[in-house]
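A.B. asks: One structure, pasted below without further comment.
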Amino acid sequence: MKLAITHLVLSTATFGLMLAVPQNAQAAGLIRSVTATAPGFTINSQGSLAATTNGFGLQGPPLNRPSLTGTHAATNTGMTDPNAWRSSLLTGSTVGNVTINFAFGRIYNLAGFSFWNLGGDMTAANQGINAVTIQYSSNNGGNWTTLTDPGVPASFSKGPATGVVSAQQVSFSPVYATNVRFINMTNHGATAPTNYRLGFNEIQFTSIPEPSTTLALLAFGLAAVGLRKRI
């Protein structure tokens, strides 16, 4: 009887571990189906905000699929197959009002993101986001908190004047988030009335795994093993 009880307890613990590992591995990584909005600054904007979160323009492999690494094609905000976004025309008094909101659809344990600025020609590079304040919300935008972890940038690198754009990878202490937003932005110097815009090519967010209920099962099994040894 004692041997049977020990075997059952160990089997429970082992089964919990087997379930926990793959479930947590699946929970980690890219946050998919992110929705980007820029209230008040999309009329007469260029390109597509949807293209900034769906992987279109990323060089892969696989091509045009979400990824946290790799390069992005040169900025295209034309009418055909846009792979980036530029705001409506700005002025020195309105640029600080631009807010870009990224909604995840549910809460995640957010741990960082990869960002590709505008680039591929001089105008695009100058219109890329420069200074930025990054905030997160854990209640769908009801309240916002500024990310102050040392890994969080206060500005984004300028994109190249020619060629493809490399990822700027950002990581920080995890926070529970349903949304992220960029505020207090400037660009990299494009301030002429005809091209005073700001924008970016792509952003992809990453989360870390959550403790699953199977870990509780594992803990129960291991606790039972300890109890069995003491009996």
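A.B. asks: What nm value, rounded to one decimal, do you get for the distance between Asn139 and Ile183 when each label is placed 7 Å out toward the C-beta?
C.D. replies: Placing both labels 7 Å along Cα→Cβ, they lie 1.6 nm apart.
A.B. asks: So, one more: What's the extension gain from Thr162 to Ala192 if we count 0.36 nm per residue and subtract their Cα-Cα distance?
C.D. replies: So the chain would gain 8.7 nm between Thr162 and Ala192.
A.B. asks: Can you sort Trp85, Trp144 by 1.4 Å-probe accessible area, starting with the largest?
C.D. replies: Trp144, Trp85
A.B. asks: Give me the net charge for the shell around Leu58: Cβ to Cβ below 13 angstrom, other residues only, Lys and Arg +1, Asp and Glu -1.
C.D. replies: With Lys, Arg at +1 and Asp, Glu at -1, the neighbours total 0.
A.B. asks: While we're looking at this one, here's another question. Between Asn64 and Thr42, what's the calculated FRET efficiency when r is the beta-carbon distance and R0 is 22 Å? Round to 0.05. Could you put the intermediate results ahead of the total?
C.D. replies: Values: r = 23 Å, r/R0 = 1.03.
About 0.45, to the nearest 0.05.
A.B. asks: Please work out how much accessible surface Val152 shows to a 1.4 Å probe, ignoring ligands, DNA and RNA, in Å² rounded to 10.
C.D. replies: Surface accessible to solvent at Val152 totals approximately 20 Å².
A.B. asks: Which sequence of Met122, Met79, Met185 reflects their accessible areas, 1.4 Å probe, from the largest down?
C.D. replies: Met79, Met122, Met185
The values are calculated or read from the model by the stated rules, or taken from the named source; none is laboratory data. Everything quoted here is computed from the prediction, not taken from an experiment. Backbone-built Cβ (ideal geometry, glycine too); neighbour counts: all protein chains shown. When the accessible area is computed, the model is the full protein with side chains, heavy atoms only, and any ligands, DNA or RNA have been set aside. Shrake-Rupley method; radii C 1.70, N 1.55, O 1.52, S 1.80 Å.
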